[in-house]
Amino acid sequence: MQWLSDFTMTLQPSIREFRMSFYLLNRNRLQRISLIVIVLLVLVAVFAPFIAPYPGHAISDTNPDDKLQPPSTRYWFGTDELGRDMLSRVIYGTRISLQTALIAVGMALLIGVPLGAIAGGLGGVMDEIIMRITDVFLSFPPLLLAIAMSAFLGPNLRNAMLSIAISWWPWYTRIIRGQAVSIRERQFVRAARAIGTPKMSIIFKHILPNTFAPVIVQASMDIGGVILTIASLSFLGLGAQPPTPEWGLLISTSRTYFLNAWWYSTFPGIAIVITVLVFNLIGDGIREVLDPKTRRF
Amino acid sequence: MTQYFEIKNLSVGFRTFEGVREVLNIESLSIGRGETYGLVGESGAGKTVLALTILGLLPKPAGIIHSGEIWLDGEDLLMKSDREMYGQYRGKRVAMIFQDPMSTLNPVFTVGQQLQRVIEKQQHIKGEANNLKALEMLEVVKLPDAGRMLDKYPHELSGGQRQRIIIALALACGAEFLIADEPTRNLDVTIQAGILKLMADLQQEFKMSVLFIANNVGLVNVVCKNAGILYKGKILEDGPSKQVIRTARHPYTQMLISAIPRDKSEKLKFASLVIKAETEKGCPYYSRCIIAEDDCAQRTPMLEPIDGAQRVACFLAGRRVP
Amino acid sequence: MKRFILRRLLLGIVVMLGVAFITFFLTRVIPSDPAAKWVGPRATPEQIAKARIDLGLDQPLHVQFYKYMGDLLQGNLGSSLRTRRPIMLELKENLPATIELVLISTIAAVFIGIPLGVISANRKDQWIDHLSRLFSVGVVSLPTFWVGLILQLLFFRTLHIFPLGGQLSTEIKLTMEIPKITGFLMFDSLVTGNFRIFVDALWHIVLPGITIGLYPVGLVARMTRSALLEILNEDYITAARSYGLSERIVLWSYALKNSIGSTSTVVALSIGYTLVNTFLTESIYSWPGIGSYIASAVIGLDYPAIMGVTIFSAFSYVILNLVADIIIALDPRVRA
């Protein structure tokens, strides 16, 4: 596992930078609140079965006697057309949104990062080919590819995550490739090349660890957007399927009833807005902290 | 009697990540109407900051004016609001020739468009008359082929050409007070001479007062009636330029002057290395001063008249530096 | 300059080829049974077999691709499963309504988003900046489809100001003759002097317009702000101010012109987002555009239609970006 320790060793300076950036992030009051909210959301997602008042409602139970009840002390967010407690469903929805977003972004990174490193590290024909492919993928309007792919793969949450990963990877490839190209020319890489280290080894041992930072930043900024995308796909019927309590799906189902059951559309929507908002705010904060490195005062 | 232009006790600082950095600490500086004052200092001494402070264009959150007065023709500019500065002074009465012509010219407009904008604003001329005036300005700064020059973009011009455009822009304002921030920096010697003569002529003709900022003492001697030596934001010596240069009293001034190569045989006695520890109080030049004594690190010298109109801020004034 | 445009055009064509290839991949290679997908879930085995022959699925892949490209170039996108009509025709019918919405969002993005960004950058950290930034980041966090529902809830259900959906009220649709010159309702009714229809159409476009316009405004405002922040720090801005030029000129001419590149890029991007957002909003408002078309296609598993809209949108987006890139090339520095 030598390569692993080499890998972590080269990451050291970036980790230190990370810690410092983290400190600075907490300066702004809005960022601090966002950070707290994110932690809360994660807690809600993890402990959903214990927090939700009617965990069964989020999964498979139905309760036809209490259908379409407005918010009350028993059902804080009201109930849906099958009498299920909206609060519990929204809470479980947190779990789904966070999970799927992380997986989708993770998959996109898994595809995009190595491709970018190879493109930037090897240069030449490989670089051209990969970048052209990236261009083609990026020429699709955002979301469109995910919609089409989900439709053709079959509408379910797993395919939705896959579709998103396949639409998203080109962004990361571009970032990594740009970084790789600039690092490629640095002394230590040239030295490694001079002693005859095989190209692949150079790419993964030297170039890759140093290109991580900006892509991690971008990925964390993307989580908000991915959550929105998943909700949109589910809304169209291409993502989560009933009875999964995914927020977008909840809103979609609410369409039939919402004019007389305002709570049905409102609460899942608010959940989406708050979640996406705090991730976007943190993303903004991260970006601001990293950008004016040159303009520090 | 108050002078046309006077600075009193100006203290300016900059907010940085590590705290506030003091940049300017000028006790007094005065320029008479129609006179040229040469401010000499090395890079980082605070010359451009002074120019921006006069115009009220210090970068907003970073620059702080702790205290001071800047009097122009009986009015304290530091008391003016931004609106007043814009409406009455900038361009109209005070204009600036900037140091770096590449960064101070707008890259997406032609030189002609930029020139004509200024002419339109300050001289209130439009259309064909404006065009003619622009050509006139280019000729004043001795730019050949003025007609074609107007349609060029800044990146299409050479450094020297850009420099002269910057000068033309400032002159096009028609202001009575000109701040020239190293206006001949990138120009070769012959053009330098030409520009200096031009400024002298204009000054004669329009009774322009000029604050001439330079990093080279020799230049100052040629055009300026009075000169001041700026070091780390503080004026160490000033007075009539010929006198200051001929009989420099401050060790720093002597260093600067000795650095002018008069002929090849004279060795450059330039000492710019820090030889002692930096001090918080005391003379700002202490750390590089060859003849400094311990007392110099304790008390801050103020400008004292030493010979007629010449003033020095040094406890050991008059001693010749070996 | 001309060489640049030519090069860019070539790149655009290559990209479109790539797009066509990917969509081909999607329809023929990925699904387990493309023929079955093509004829829909209720097809008989005979229909599936026929489709297999029609689509040429027994042929080797490159022959299939050849036929596919041939069809595309002729504008043949196949026929919809639900209506049996050629998809290209249906797209053409549905296009104007969507274009109306896209137009509104673009106008909003440019005339509200950009000024918002400029003012925000100029008054950095003042109350108007904070408000504008909060607005921008808030608005891009909103799910468009949800906004549509909430607006309907508020303005139709509770306040009874705006209609629930559709381009015109049923009363008008039944009693009056709708002018049809360009297909653009607002334009046609205005030109033929049919003010009642025009006002009705205007009233109906408010809610969908707001729904679809919010995101682009927020996005463009954000991007413009960051571009302007960098620009306003430049020396030439200080110099311009020193010459006594008015803030109006300094901001809106000197500074803004330097941001053309990033501005046009982000406006193109926002149009791309808008296009996809129409998929989400049109069905909510029963707006007869491409969005409703694809939404019902998805529900009805009308794969040819889904494919058709995908190809069409992708191609439009490519052309849009081409235009944006050409605008960027207008920057004199790029021409050098």
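Values as computed for the structure displayed
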item	result
Qualifying residue in the stretch C:27-41 (condition: more than 14 Å from chain A (Cβ to nearest Cβ) and modelled with pLDDT under 85)	yes
Selection status of residue C:248, assigned to a helix (DSSP H, G or I), closer than 30 Å to residue B:123 by Cβ and in contact with a strand residue (DSSP E or B) (Cβ under 9 Å, 6 or more places away or on another chain)	no
Members of the stretch B:1-22 that are within 13 Å of another protein chain (Cβ to nearest Cβ) and surrounded by 18 or more Cβ atoms within 10 Å (Cβ to Cβ)	B:13, B:14
Helices (runs of 4 or more DSSP H) wholly inside the stretch B:137-209 containing at least 2 residues that are aliphatic (A, V, I, L, M), within 13 Å of chain C (Cβ to nearest Cβ) and under 16 Å from the mean Cα position of the chain (by Cα)	B:159-172
Scope the stretch A:154-168; condition at the interface with chain C (Cβ under 9 Å from one of its Cβ atoms) and without any contact (Cβ under 8 Å) to a residue 24 or more places away in the chain; matching residues	A:154
Hits in the stretch A:223-245 (condition: touching a Pro at 6+ places or on another chain (Cβ under 9 Å) and either farther than 20 Å from residue C:301 by Cα or among the charged types (D, E, K, R) (or both))	A:225, A:228, A:229, A:245
Test result for residue B:172, closer than 20 Å to residue C:235 by Cβ and either surrounded by fewer than 22 Cβ atoms within 10 Å (Cβ to Cβ) or of a type in the set (A, V, I, L, M) (or both)	yes
Neighbours by Cβ (under 8 Å, 6+ apart or cross-chain): first from the stretch C:225-240, at the interface with another protein chain (Cβ under 8 Å from one of its Cβ atoms); second of a type in the set (Asp, Glu)	C:235/B:100
Helices (runs of 4 or more DSSP H) contained in the stretch C:63-175 and holding at least 2 residues within 24 Å of residue C:275 (Cβ to Cβ) and away from every other protein chain (no Cβ under 13 Å)	C:87-108, C:114-122
Options A:165, A:101, A:119, A:151: the member that is surrounded by 24 or more Cβ atoms within 10 Å (Cβ to Cβ) and modelled with pLDDT of 90 or more	A:101
Residue match in the stretch C:99-116 (condition: among the polar types (S, T, N, Q) and either over 21 Å from the mean Cα position of the chain (by Cα) or within 30 Å of residue C:51 (Cβ to Cβ) (or both))	no
Residue pairs meeting the criteria (Cβ under 6 Å; at least 6 apart or on separate chains; first under 12 Å from residue A:113 (Cβ atoms), in the stretch A:202-228; second of a type in the set (A, V, I, L, M) and modelled with pLDDT under 75)	A:209/A:11
Selection status of residue A:151, over 24 Å from residue A:287 (Cα atoms) and facing chain C (nearest Cβ under 10 Å)	yes
Helices (runs of 4 or more DSSP H) within the stretch A:190-297 that include 3 or more residues more than 9 Å from chain C (Cβ to nearest Cβ) and among the hydroxyl-bearing types (Ser, Thr, Tyr)	A:208-236
Top-ranked residue of the stretch A:179-198 - restricted to ones that are surrounded by 13 or more Cβ atoms within 10 Å (Cβ to Cβ) and of a type in the set (D, E, K, R), ranked as nearest to residue A:216 (Cα to Cα)	A:184
Flag if residue A:227 is surrounded by fewer than 19 Cβ atoms within 10 Å (Cβ to Cβ), under 25 Å from residue C:152 (Cα atoms) and under 21 Å from the mean Cα position of the chain (by Cα)	no
Those residues of the stretch C:250-266 which are buried (at least 23 other Cβ atoms within 10 Å of the Cβ) and more than 10 Å from chain B (Cβ to nearest Cβ), in sequence order	C:263, C:266
Residue that is farthest from the chain's Cα centre (by Cα), among those in the stretch B:85-108 that are of a type in the set (Phe, Trp, Tyr) and within 7 Å of chain C (Cβ to nearest Cβ)	B:86
Meets criteria (under 30 Å from residue C:147 (Cβ atoms), small (Gly, Ala, Ser) and assigned to a helix (DSSP H, G or I)) for residue C:255	no
Subset of the stretch A:178-201 [of a type in the set (Gly, Ala, Ser) and touching a residue at least 24 places away in the same chain (Cβ under 8 Å)]	A:178, A:180
Qualifying residue in the stretch C:319-336 (condition: out of contact with any Pro (no Cβ under 7 Å at 6 or more places or on another chain), facing chain A (nearest Cβ under 8 Å) and among the hydrophobic types (A, V, I, L, M, F, W, C))	no
Hits in the stretch C:286-310 - residues which are more than 9 Å from every other protein chain (Cβ to nearest Cβ) and under 24 Å from residue A:135 (Cβ atoms)	C:308
Unmet requirement for residue A:129, which otherwise passes all of (1) part of a helix (DSSP H, G or I); (2) farther than 13 Å from residue A:166 by Cα; (3) in contact with a Gly (Cβ under 7 Å, 6 or more places away or on another chain)	(3)
Some residue of the stretch A:73-89 being at pLDDT below 90 and surrounded by fewer than 15 Cβ atoms within 10 Å (Cβ to Cβ)	yes
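The values are calculated or read from the model by the stated rules, or taken from the named source; none is laboratory data. The structure displayed is predicted, hence computed values, not measured ones. Cβ coordinates were reconstructed from backbone atoms using ideal geometry, including for glycine residues, and neighbour counts include every protein chain displayed.
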